[in-house]
Structure formats: structure tokens, C-alpha cells
Amino acid sequence: GDSIVTLSFQHSRDRIQLASRYLPGGVSSNFRLGISPTPLVFDHAEGPYLHDADGNRLIDYYLGMGPMILGHKPQAVVEAVQAQLGKGILFGGQSEVEFEAAELLCGMLPSAERVRFSSSGSEAVQAALRLARAITGRGTIVKFEGHYHGWLDNVLWSVAPAPDRMGGEAAPVPQSGTAGQDDLAGQRVEVLSWNRLDLVEERLARGDVAALIMEPAMCNTGAIFPAAGYLEGVRQACSKVGTVLIFDEVITGFRVSAGGVQQRLGVTPDLTIFGKAVASGFPVAGLVGKAALMDEFAAGRKVMHGGTYNSQSIAMAATVATLKALKAPGSYEKLEQRGARLMEGVRSALAAAGATATVTGFPQIFHVGFGLKAAPRNYRDIIATDRAGYVRLTTALLERGVRVLERGAWFISTEHDDAVIDETIASLKGALASL
Ligand code: PMP
């Protein structure tokens, strides 16, 4: 049996309660609400560990929702940031560190000939959609069920997570994502089921779609590879009718390889959104793409894109240091090896406990489909997961010192060594035994 004394999160619970006097729900993002047993309050973090307000040390697979690919407080990034702080913060103009970051990026993502920086993925998506509309002179955007492209009105559309309300695969019923959403924004976006080339080909053939945006491997809901030939087919269908193909690699970029999914699978989009792992936790995101498209931001200043904090120098220093560390020989091999060890450990612990579950995705970002019998193909398969059961498991894991996302994803960093992974698997076995 599992005789471990489990951790308490009472101090976090109390602090959240008090903080609710100043912050709605005690938090600053809706993704931080409704966490079991309580939203956590952190004091510091280093390497693979988080240290919370109760004094607990937690092995972290949340990793800030993806950015901390070099672990928490990576030395090289901290040093680069400290050096840059000595020179200033925000210049309201260009700097050498920005140029260096841009050149590094263009050398890494296959689709990158030019880059525009922003402070969040949500904003970068908006810039990409605007650029696509300007270039094509068309209005309609196509996106996919379960794919996330930020919290703004025109992209927060999917289908209801309920088989009786979502419509058939060929005719999804779009659903807005929040109260207060502008329903007119929904008239310009169409939601398709992902991973079915026939549906894309059929829709694009009408010739009125400005842009098609997708996570090239869906990592916000599950961690699902595109079906064989799907991305290639989508690429062809877009080229045929002049629809701008946008890969949202905010999660996968710099994580699944130096050049993201596009490099791993060899399909090059017109525009790519990046963020998260690019800057080790500093607010950096942006879009890259072919020069002929991207230069429209500058040519006659036709396509407007701004941002007070775009390419802020501290964030750029963090970008340069992060990308250099990721480009260093062996870093992706290390991530893959450690991720594979973790993925295999998770898979065998679940199997040994007799749990019905799938473990899919990349070693660097994988997903546990609790309650699933077969590997998920799309959002429709993911909604069949046993969410309540998985939250019981993640809560039990947290009580044993391991923090993972409740929606099934596990992120790994270069700092999760074999000992940390083995400790994680032992905790997972204990958590499974406690259910
Ligand atoms: N696109 C994808 C694929 C994402 O995962 C996210 C964030 N989880 C975003 C866009 C939005 O990025 P941000 O939270 O930086 O606005």
C-alpha cells in the first residue's frame, strides 16, 4: 500500500482566499482557477522544482504551461538577463540584442525568413490573421476543434464538449468559448474537425478563405500527431487556392525540435506563431514567415502591428540565451531521452495499476488520455477522457510532490534527470495505489 504522509497545501489555500480581496478568484488567468485541491502560491523555483508557500518542494511538469524548457531559473538565461539589465530595459527602438534574437530565430524555424516579436501568443495570432487578410483580400478564417490560439473573440471558438451538441464531423456546430464574446466575430471564423483532409479540401475549394490556422500537432487538447499525409495535403490545398497556412507552434516550437513540428515533419507553412519555450518564461512570442508576406508589415506600412513591449531588451536577452542553449549540441537528444524515460515510466505505471489510459505525443510534451482505450485522433476522442478520474490522480500526485496539468499534458525540461524521473514514477505508483 501507499503509506506516504501526503503534502498539505493549507497555506496556499489561505493565501488565495485572502488574495481574492484584490484579484478576482485570487488569480490573474482563468487557467489558474478551479485547480484541485487549490490554486497554488509559489515562492521560488529552480531546475525541475517548484517551492510553494507551504514549503513543499514539487517536481514540476507544468513548467509554466511550457516555457521553462531549460528548467526553472536557468543559469545562462539569468546571467544574460542580468547583463542586459545593466544596459537598460525598454528603449522604444531597436537594439543589437533584438537583431541577434531575430537572426537566431530565422536560422531555426524552416518557415522563418522574417520575424515580428510580440509579448504573447494571443497577440501574435492576431497579427498573423490580419496579415493574411491583407494579403488575400478575403475575410474568412478556418480553425479546428480543440485547437487553442489565444483568448480573443475571433479565435475562441470550438465545439461543445458533448457528443449530442457538437454536430457531426462534417458539420461541427461552432460554440463560443466565453460569456461576453462578440458573436459577430464568430461569423468570420469557421470551425472544422481536425485530421480529415477531405474536409479541408472541400472547404478551401470555395476560394474565399484568407487563412487556415492550426496547431500542426494538437497539444492543447491531447498531444496528437497529424495523420500521415494530412499536413502535406493541407499545405497543397492552401497553396492551390492562395489560402495562407498558419502553424501555431506556441507549444511545439523549440520544444519538439529546434525547428518545431514543421521541421520534424517537413511541412513548411506560410506563417508560424511561436512563444513559450523561446524565452524561458519571459513574455516573448511572435510570428515568422516568408519575406514576401512578412514585409507587408513594412511596405508602405500597410499592415498595422504594434506593441509597447515588442522586443523589449530583457526579453530579447532571454530569447538569445535560450535559443543558444537549445541549439547547443545534445540538448534535444537530452530532452528526448529524458522525455522517453518519463513517458515509458508513466505508461508502465498506468498499465501495472490496471488503469485504462493512453499515453500519446512527443517525449517533450505528451498526454495521458485517462479512460481512453485507443490513441485519440482528434478533439472528439479527447472529450471521452475520464476528467474527474484524472483530476483525482493529479491531486494524489500533487500530494506526493509532483505537479502536472489537470488536462493531461506533461511538459519536460532538460533539468529533469533520471533520478527526478524515477522519483516521479514512484510517486505516480503511490498516487495510483491511493485511488
Ligand atoms: N497558441 C497556442 C497553441 C497556445 O498553446 C497558446 C497558449 N497556451 C496560445 C496560442 C496563446 O498564447 P499566450 O497565452 O501567450 O497568449
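The values are calculated or read from the model by the stated rules, or taken from the named source; none is laboratory data. Keep in mind that this is a model prediction, so the values were computed, not measured. Here the Cβ is made from the backbone with ideal geometry for all residues, glycine too, and neighbour counts use every protein chain on show.
Within region 112-131, does at least one residue satisfy the condition of being under 25 Å from the mean Cα position of the chain (by Cα), more than 16 Å from the ligand (Cβ to nearest atom) and assigned to a loop (DSSP other than H, G, I, E, B)?
Yes, region 112-131 contains at least one residue that is under 25 Å from the mean Cα position of the chain (by Cα), more than 16 Å from the ligand (Cβ to nearest atom) and assigned to a loop (DSSP other than H, G, I, E, B).
May I ask you to list the residues in region 218-244 that are within 16 Å of the ligand (Cβ to nearest atom), surrounded by 24 or more Cβ atoms within 10 Å (Cβ to Cβ) and of a type in the set (A, V, I, L, M, F, W, C)?
Those that are within 16 Å of the ligand (Cβ to nearest atom), surrounded by 24 or more Cβ atoms within 10 Å (Cβ to Cβ) and of a type in the set (A, V, I, L, M, F, W, C): 218, 219, 223, 224, 231.
With the checklist (1) at negative phi; (2) modelled with pLDDT under 95 in hand, flag the one item residue 300 doesn't pass.
(1)
Quick one: residue 316 ticks every box in (1) buried (at least 22 other Cβ atoms within 10 Å of the Cβ); (2) farther than 27 Å from residue 417 by Cα; (3) within 16 Å of the ligand (Cβ to nearest atom) bar one, so which box is it?
(3)
Identify, from the list 277, 185, the residue that is over 17 Å from residue 378 (Cα atoms) and more than 15 Å from the ligand (Cβ to nearest atom).
Selected residue: 185, the only one of 277, 185 that is over 17 Å from residue 378 (Cα atoms) and more than 15 Å from the ligand (Cβ to nearest atom).
Just one of 369, 354 is within 26 Å of residue 5 (Cβ to Cβ) and not in a helix (DSSP H, G or I); which is it?
When all the criteria are applied, what remains is 354.
Mind checking which pairs have a first residue in region 396-422 that is part of a strand (DSSP E or B) and a second that is modelled with pLDDT of 95 or more and among the charged types (D, E, K, R), Cβ under 7 Å, 6 or more apart or different chains?
Listed pairs, sorted by first residue: 403/60.
Being of a type outside the set (A, V, I, L, M), surrounded by 18 or more Cβ atoms within 10 Å (Cβ to Cβ), touching a residue at least 12 places away in the same chain (Cβ under 8 Å) and more than 12 Å from the ligand (Cβ to nearest atom) is the requirement here; does residue 270 meet it?
yes
Report the residue count in region 6-58 for those that are exposed (fewer than 14 other Cβ atoms within 10 Å of the Cβ), on the phi > 0 side of the Ramachandran plot and at pLDDT 95 or above.
1
Any residue at all in region 281-294 that's surrounded by fewer than 16 Cβ atoms within 10 Å (Cβ to Cβ) and basic (Lys, Arg)?
No: zero hits.
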